[in-house]
1. For the pairs Lys58/Lys293; Lys624/Lys723; Lys256/Lys743; Lys157/Lys723; Lys499/Lys552; Lys124/Lys624, note any where the Cα-Cα span goes beyond 23 Å.
2. State which stretch of the chain is the longest one without any exposed trypsin sites (Lys or Arg not before Pro), exposure meaning a DSSP loop state and at most 15 other Cβ atoms within 10 Å.
3. Per residue, how much accessible area does the chain have with a 1.4 Å probe, in Å²?
4. For the range 360-499, what number results from the quotient of the Cα radius of gyration and 2.2 N^0.38 Å?
5. Do me a favour and compute the ellipsoid semi-axes for the chain from its Cα gyration tensor, root of five times each eigenvalue, largest one first, whole Å.
6. Over all directions, average the projected area of the Cα convex hull of the range 640-781 and note it in nm².
7. Leaving ligands, DNA and RNA out of it, report the carbon-plus-sulfur percent of the accessible area of the range 665-781 at a 1.4 Å probe.
8. Could you work out the helix-only [θ] at 222 nm for the chain, with each DSSP H run of four or more residues adding -39,500 (n - 2.57) and the total divided by the number of residues, to the nearest 500 deg cm²/dmol?
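The values are calculated or read from the model by the stated rules, or taken from the named source; none is laboratory data. Treat the numbers as computed from the prediction; the structure is a model and nothing was measured. A quick note on method: Cβ atoms are made from the backbone with ideal geometry, for glycine too, and the neighbour counts reach across all protein chains shown. We work out accessible area using only protein heavy atoms, side chains counted, and drop any ligands, DNA or RNA first. Shrake-Rupley method; radii C 1.70, N 1.55, O 1.52, S 1.80 Å.
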Amino acid sequence: MRNIIFTLLLVTATTLTLSAQTTIPPTKHIEARDSHHSIRPKHSDSNIYGHIIDASTKEHIPYATISIEGTTIGCAADGTGHYNINNIPVGEHNLVISAIGYQTLTMPYTAQLSTSTELNFTLKEATTFVDEVVVSATRNETNRRKTATVVNVASTKLFEGTASSNLSDAMNFQSGLRVETTCGNCGAPQLRINGLEGQYSQILLDSRAIFSSLAGVYGLDLMPVAMVERVEVIRGGGSALFGSNAIGGVVNIITKDPVHNTISLSNTTNIMEDGTPDINTSLGGAFVSDDYKMGAYIFGQVKNRDGYDRNDDSFTDITALRSETVGFRGYYKTSAHSRLNAEYHHIHDFRRGGNNLDKAPHMAELCEQVDHNIDGGSLSFDFFPNLRHRASGYLSAQNIGRTSYFGADMDPNAYGTTRDMTFVGGAQYTFKYKAILPAELTTGFEYNYNSLNDYYIATDRRIDQQTNIYGLFAQNEWKSDKLNALVGFRLDKHNMINKPIFSPRITLRYSPIEDLGLRASYSSGYRAPQAYNEDLHIDALNHTVSVIRLSKELRPEYSHSFNLSADYYYNFGRLQANILLEGFYTILNDVFTLEKMGVENGIIINERRNAEGANIGGFTIETKLGIPSIFDVQLGYTYQQSRYVEPEMWSDELEAQRRMFRSPDHYGYLSSNYYITKNFSASLFGTYTGSMLVQHSAHTTIDGMEIGDSEVTTPSFLDMGFKLSYTFNLTDLIRLEFNGGIKNLFDAYQSDIDMGAGRDSAYIYGPSLPRTYFFGVKLYL
């Protein structure tokens, strides 16, 4: 199936690209369209043309974009850096000129009837952290430096510099974030923000909450970077805008949008220290019509990884995996002031751990196997009649079918099936006005539906869960160069909670000088008493399995989050620098915890209950600096403490514990790129994870010894890697890149992994890969 998909994609992409090259003139142009007629307006004969050049080198910048603010009118420069836009509506406009690696430029322009004007633009180089535009802070596009909320961005440059094939690989390189593997058999990853478990974070796809509890089990592992333009991260509560679960933070995955015709084909082959291969192949292509009225980005990725056995006990310690992803994102400009957007993705993900991988699951002494088929998509319509008003409506849906096996000792009944359907629909309206300060009012409504049916034969466990959430949200932001004040709320009615939930949000930004931003924020949130991603996972343990059930008395969990930060930018000549200091404190009331209840019918039962509360607090320091085209460096450090208000007991064999498990007090990251020549670059990257407390459940060793429940303080880990890449210019348009390097250079890996069929599969910590060598090739134009 994957060979067929890639053959079709490659043929289609090549054909369209060759067609584009033969039909598109040297200088592209677009005719403006009237807001009342979606086909063609009366000709104004008001045209602009010119070129865009680099301020330092005076060289032309190919494929820079020029757009008219508040409209769909715009174009991309050609390969020589020249552009042409015809029939612009008569009147005053703002032209926005941008290009990757350059600071965005905004210029006023007055279009006059029957006039052609030459406008040439000069752009200054910028490192990736200057002048970024984000949408997650307010649901509207905003310059990152001027947002009332701190938003971190993981871009394509980060994905490439760290040799990441999916978002699980890449998200470790963001302050306050840590991705860990929580199961040695199936390789389930978990993203923690500011120390909180994965289910406290809201994962969005193009600002829509279609990641259900089931999708969250393997979450970011299912999202290949081939389909991702960038990831925006908000640390701290975001429930006022994005609903429940946005307690620890928000991760907004923005898929790639077509800008100009391009195509890329790449392969990265990873070889672990014992020779285990992990092979990733991806294909992507953007195709835009001559008049820029429509465009589509098509992507696909195939990943194959064999199982890895670290301690030679014939049981995998890293899961065998096969996955295929294919999809597209496209747009159609219905007029100069409206746009229709569509997105679709299909993901097939198969993973298996244990032993006897070549046999049926029930012929293994230990096996965890899951096979996902995911189909999702969205439609949205944006209408902006002028710069003051903007409205949008959206529909998103995702369907997941899963077959599974979680069993030990050749249990023939350990199979299961899961069906999951998520639907999100809503509308949003934004109005800009002036009330003492310029202001922006955003309001809207959203409906979120999820149907989950999970059946596990061995225990006759059934989860039939339907959630309906009706949400209203509103916020008003007063903003100027010196001051931003944002006040907002969300009102949710969840069918599992009797009363509506009111979640307020207050954020302030003050800039005493242009390059310094001081921020303070408060937000509240909640989690409903329902099954979350962790509750759908079954652990193999001590020749049986461990399952989670919900207490009949489980109550909603509520949160209060506080953040303070100082964000400073400074230029030393060409050297651009940014330092961010952020403090955070989260209060959880009626916090969800797990307590081991014992064994029922041979199955270990853990129950989800409420504890009194928990407090999580700490600070993050992040520094970014660079000289464009020479180097850029980002590094961050987080200190935190995560503690229960009252000691909690997870096992009757041990004393109660206030410290939260799997939550280190210290962790950090480094990501850097060095541009040795125009075609030759080097990257150095790494993560540090401090010591933490982890649970080690009762298990049987490989020689038959019974070991009781315990708590283990882990060592710290330093996981470093590097990458070298060189690009050959085969023609003016076609480039070929070769790259290679090493991940986990010092082979920092867990040394006390359990052995045999009686192991505790959840006793896993540290880096997700051993020392791994990789090499890759990428062809693009």
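1. Correct reply: Lys58/Lys293; Lys256/Lys743.
2. Numbers: sites that count: Lys42, Lys58, Lys124, Lys359, Arg388, Lys482, Lys552, Arg574, Lys678.
Value returned for the longest uninterrupted segment is 125-358.
3. Values: 31040 Å² over 781 residues.
With the other protein chains kept in place, the chain gives 40 Å² per residue.
4. In units of the 2.2 N^0.38 Å rule of thumb, it is 1.60.
5. So the equivalent ellipsoid measures 44, 30, 25 Å along its semi-axes.
6. 12.1
7. Carbon with sulfur: 63 percent of the solvent-accessible area.
8. After summing the helix terms and dividing by the residues of the chain, the value is -1500 deg cm²/dmol.
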